[in-house]
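The values are calculated or read from the model by the stated rules, or taken from the named source; none is laboratory data. Here the structure is a predicted model, which is why all the values come from computation and not from measurement. Every residue, glycine among them, receives a Cβ derived from its backbone with ideal geometry; neighbour counts consider all protein chains shown. Ligands, DNA and RNA are excluded from the accessible area calculation, which covers all protein heavy atoms including side chains. Shrake-Rupley method; radii C 1.70, N 1.55, O 1.52, S 1.80 Å.
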Amino acid sequence: MQRATCSSSPGDVRRSVTTALHFYQNRQLDLYASKQAHRLSLRQLVFFGRHMNEERLIKSANYVRTELPVRIAHRIRDLQALPYVIVTQPDVAKVYELYWSAFEKFRRFPPITNLSDNSKFCDFLETLLDEHAPVIPSLSLGLSLCSPLLPPESLDSFMNRMLISRISRRVLAEHHLALSMSLGRDSLNSEDPHVGIISTALDVKRSIVKCAYLLRSRPHGIENDNGKVIPNRGWPEVVVEGQLDTKFAYIREHLEYILFELLKNAMRATGLKHWHDTTLPPIYVTVVAGKDDVGIRLSDQGGGLSSNSIQSPSDLFSFSHTRNATRIDKRRIRALRRASSKGVKATVAEQVVEEDGHNARDPERGAGIAPHQRMGLGLPMSNIFATYFGGSLQLVSLDGWGTDAYLQLPKLGTNLEGIEV
Ligand code: COI
């Protein structure tokens, strides 16, 4: 550490004060990063939130207040372990600063002892959730630009840890906000029973129909890989089959984000392959409720995934340009840059109206991500949402014909969050 001496110039003194501050902050960071995150399962979140009262709500607030800085500290450490040239890349640096600032704010937030404190804490959480809306495009942009500087495995495991941890932090924050809003209300006996942000009887078919409706309501026109807009005549129909009464306890925003992205890709591929045909082959979505999991298969006839830029479908989940050359495609970089600088309010207030008149958030905003078209975020993020509570997502391409996506989500709620600490 530098020391200010009597003979120091004002610049030296400023530098040494900054260095001392960083030294102090890093000691605080060490303290938090030496703690293990306290991972939860969906079932624990439901059990705790089921019979909410003031005492439990205060307990929940203090859990979020003390747990989030631990989770953020681990990720700041991860960022610090990157080569210096990457952390100082402006988009990565922006995320680093957002995390430091959130860490400091959480660390200093006083204990919550009553409902009035909790209401201030909720305002604080909402502001942070909005401030962090551009994190995913910024990280993705920064790491895409730095992709040549990291081996693909390191880059992907870093992104995986960052993104799954971000999902976990937003789940805890949004769950607490939802519990606070529903204090004194019986949300388990409503038409859409839920505890906090967890729907306790999430109707899978209804979510599929909603995503299909939102996507089919978009104006026509599909941008192909060369940036040319193809005038499609319409969007393919979505046929839902299988066990249509399947309901399970899950976070609606996570299921709908994945369905929305998979259907969006399937519609685009089908529209591009068949744009000159008078009728489009439908997309089939099959739902099966197994003993432990809910399985959903989406089959399209959009020609499959073969391309010069990837070797295997799982490369589409990768952030590394060596596995997926489109990561450094100029159009993608430009789109990421726009999303990263714009940000978007991603929390509670954003509403769109569904076909059946129910209000619902747009699935991309609902999942806390700025809306994204052609940025290469949908598939890796869907994979990460699927694995957060131990599910999986696989893509199988029948090149020249179409793609099948297999989504499996655990239905018992007993798996702990898949975050690394
Ligand atoms: C994030 O969105 O990156 C967060 O960490 C959210 C949290 C600060 C509430």
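Taking all protein chains as shown and a probe of 1.4 angstrom, residue 124 keeps an accessible surface of around 30 Å². Of the peptides 232-244, 61-73, 250-262, the order by per-residue mean of other Cβ atoms within 10 Å, starting with the highest, comes out as 250-262, 61-73, 232-244. Using heavy atoms of the protein chains and a probe of 1.4 Å, the accessible area assigned to residue 279 is about 110 Å². Site pair residue 226 and residue 338 shows an inter-label distance of 2.1 nm when each label is modelled 7 Å from Cα along Cα→Cβ. Modelled spin-label separation between residue 396 and residue 63, with each label point placed 7 Å from Cα along the Cα-to-Cβ direction: 3.9 nm. Taking 0.36 nm per residue of separation and subtracting the Cα-Cα distance, full extension of the segment from residue 192 to residue 286 would add 31.6 nm.
Modelled spin labels at residue 420 and residue 275, positioned 7 Å past Cα toward Cβ, are 4.0 nm from each other.
Evaluated over the range 194-410, the count of Lys pairs having alpha-carbon atoms less than 24 Å apart is 17 (only pairs 8 or more residues apart or interchain).
The dipole here belongs to the chain: it is taken about the Cα centre, uses +1 on the Cβ of Lys and Arg and -1 on the Cβ of Asp and Glu, and is about 1200 debye. Per DSSP H run of n ≥ 4, the term is -39500 (n - 2.57); total these for the chain, divide by its residue number, and report the mean residue ellipticity at 222 nm rounded to 500 deg cm²/dmol. Rounded to the nearest 500, the figure is -16000 deg cm²/dmol. Cross-link partners of residue 35 among lysines, defined as those whose alpha carbon lies under 28 angstrom from its own and excluding same-chain residues fewer than eight positions apart: 59, 94, 105, 120. Using a probe of 1.4 Å on the protein chains alone, the accessible area found for residue 323 is around 80 Å². Within the range 194-410, the ratio Rg/Rh, alpha carbon atoms throughout and Rh by Kirkwood, equals 0.94. When the Cα convex hull of the chain is projected onto planes of every orientation, the mean area is 22.4 nm². Rounded to the nearest 20, the size of the Cβ-charge dipole of the range 10-189 about its Cα centre is 420 debye, with Lys and Arg at +1 and Asp and Glu at -1.
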